[in-house]
1. Tell me which of these residue 419 doesn't satisfy, since it passes every other one: (1) among the acidic types (Asp, Glu); (2) loosely packed, with under 13 Cβ neighbours inside 10 Å; (3) part of a loop (DSSP other than H, G, I, E, B).
2. Within segment 52-96, can you find the residues that are β-branched (Val, Ile, Thr) and either open to solvent by 70 Å² or more (accessible area, probe 1.4 Å) or over 19 Å from residue 26 (Cβ atoms) (or both)?
3. Residue 401 - would you say it is touching a residue at least 12 places away in the same chain (Cβ under 8 Å), farther than 19 Å from residue 358 by Cβ, open to solvent by less than 40 Å² (accessible area, probe 1.4 Å) and in a loop (DSSP other than H, G, I, E, B)?
4. Pairs only if they're at least six apart or on different chains, beta carbon under 7 angstrom, first in segment 187-200 and under 20 Å from residue 242 (Cβ atoms), second modelled with pLDDT of 85 or more and open to solvent by 50 Å² or more (accessible area, probe 1.4 Å); list them, first residue then second.
5. Over 30 Å from residue 333 (Cβ atoms), in a helix (DSSP H, G or I), open to solvent by less than 60 Å² (accessible area, probe 1.4 Å) and at pLDDT below 80: does that describe residue 49?
6. Scan segment 148-165 and tell me whether some residue there is farther than 29 Å from residue 215 by Cβ, touching an Asp or Glu at 6+ places or on another chain (Cβ under 8 Å), modelled with pLDDT of 75 or more and not small (Gly, Ala, Ser).
7. Which members of segment 184-216 meet the condition of being surrounded by fewer than 18 Cβ atoms within 10 Å (Cβ to Cβ), in a helix (DSSP H, G or I) and touching a strand residue (DSSP E or B) at 6+ places or on another chain (Cβ under 8 Å)?
8. Name the residues in segment 217-236 that are open to solvent by less than 30 Å² (accessible area, probe 1.4 Å) and more than 38 Å from the chain's Cα centre (by Cα), would you?
Amino acid sequence: MLIGTTAIIVGFCASLWKPSFGVVMVAVAASLIAATLCGLISSPSWAGAILGLVRGTIYTLCLVVPVLTVAALRGRRAYLQRGWNLALAEAREHDARVEQAVMRERDAMASEIHDGLGHRLTLIAVQAGRLSLDDTLPATARTELQSIRANAAAASDELGETIRLITERDSGITASLSNLSIEDVLERAQSSGIEVNSTLATDIERFTNNYSRAALLRALQEGLTNAAKHAPGTKVNIDIDIDGDEVELRIRNPDHGTTPSLPATGHGIVALQHRVEILGGTLDVNRGEDFTLTVRLPRSATPSSAAASTHQSRTELVTAADSSSDRNRRRTRRHSWLVPIVLLATAALSAIGYFAYATVASVLPPERFAAINTGDTRTKTELLLPAVEMLDAPRTSLAQPPRSTCEFYEASISFFDRDDVFRICFVDNRVLSTDTILAP
């Protein structure tokens with residue numbers, strides 16, 4: 001037991017230095033050879049050599065098992081860490097793609113703002129220029145109007161230059177939706193081969209402002225594009241209703257769950273949701289037998305960064321999951337040590353408590369022992385006896401009478417040094433003899 005315990009301790013200590021597989025194998029071979037030689041020296045025969053080899057195998061297992069166990073746990077921990085690192089890298093790549101899609105959507109919104117605001121500035125410049133040529137106006141008024149025309153034209157040019165620098169794109173990028181109505185987008189989809197069944201509220205263009213209308217066009221484009229990719233050849237149902245101060249767009253098409261016929265970026269819905277939330281609206285996606293995209297927007301929507309909800313990125317989710325997993329691993333590791341320690345402590349305290357109880361409860365005072373006489377009944381005698389017998393009774397100190405049962409009790413409390421012991425033997429439920437075994 002001493003050698004085996006020492007081997008286990010040495011094995012755990014050796015595992016801290018992370019020995020290689022070759023070193024472990026050399027140690028195993030050396031241990032087996034040394035044990036065989038020791039057995040052969042102690043008993044020069046084949047039996048001695050075999051016995052030494054068996055003992056060496058047991059001791060070697062005590063040495064090697066801790067090393068292999070620690071190595072396996074260390075390898076599993078490294079494997080899990082590599083998995084979390086890969087998940088974190090994938091999450092960062094995904095968040096980067098989402099961020100790019102959101103930035104593209106913001107660029108598109110900026111270009112649309114340029115189109116609308118630039119158009120209005122141009123109209124102001126034209127009207128001011130026309131009025132500056134009116135001879136019926138005073139000269140000072142015509143001069144002010146010429147200044148207004150020049151400032152409006154300059155503002156339009158500066159707006160276009162600013163948008164171009166911010167978005168780093170040409171105005172033709174968003175030309176596909178510029179100056180188009182909802183009917184134009186639907187007609188373009190039908191001409192490209194998409195079967196569209198649409199129900200539109202009356203004067204939808206008149207009851208929505210530029211921001212809401214641009215978002216509706218963008219949602220229509222995204223919904224029709226998804227239908228063409230994921231459910232080609234199916235009918236797309238489009239409903240646009242006015243509900244009080246809100247406009248609702250619902251795009252529904254069968255969800256085949258097949259591989260897209262066209263490449264998919266996978267972030268169009270995310271970018272569209274960002275735009276809708278900036279305008280104070282909501283976007284819902286429902287997947288069942290049909291794929292349904294529902295967008296609700298204020299009819300007079302205005303951009304507001306505070307209206308956009310903050311979504312937890314995938315990197316944050318993976319980091320939180322990694323932290324939670326790490327806490328669970330630490331908790332499990334603590335429990336793996338704590339539970340055996342608690343069990344051993346409980347067993348030790350129970351053993352100590354029972355030892356103390358048995359030592360105290362097995363004391364038979366000498367005056368009570370003197371009151372027990374040969375021939376007394378067992379019932380009468382048990383009224384004088386302690387609750388339990390003493391532990392580790394000296395049963396071989398005196399010969400036991402035939403057919404008798406003997407009980408042993410100590411004369412006083414002694415936890416470590418034994419005092420006098422009283423022996424009482426019964427036959428046929430009567431006291432046969434009483435003896436005193438003196439303390440050593």
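1. Among (1) among the acidic types (Asp, Glu); (2) loosely packed, with under 13 Cβ neighbours inside 10 Å; (3) part of a loop (DSSP other than H, G, I, E, B), residue 419 violates only (2).
2. Scanning segment 52-96 gives 54, 58, 65, 69.
3. yes
4. Close Cβ pairs satisfying both conditions: 197/235.
5. yes
6. Checked against the condition, which is being farther than 29 Å from residue 215 by Cβ, touching an Asp or Glu at 6+ places or on another chain (Cβ under 8 Å), modelled with pLDDT of 75 or more and not small (Gly, Ala, Ser), segment 148-165 yields no hits at all.
7. Listed by number, the list holds a single entry, 190.
8. 217, 234, 236
The values are calculated or read from the model by the stated rules, or taken from the named source; none is laboratory data. This is a predicted model, so every value here is computed, not measured. Positions of Cβ are generated from backbone atoms using ideal geometry, with glycine treated the same way; all protein chains shown enter the neighbour counts. Ligands, DNA and RNA are excluded from the accessible area calculation, which covers all protein heavy atoms including side chains. Shrake-Rupley method; radii C 1.70, N 1.55, O 1.52, S 1.80 Å.
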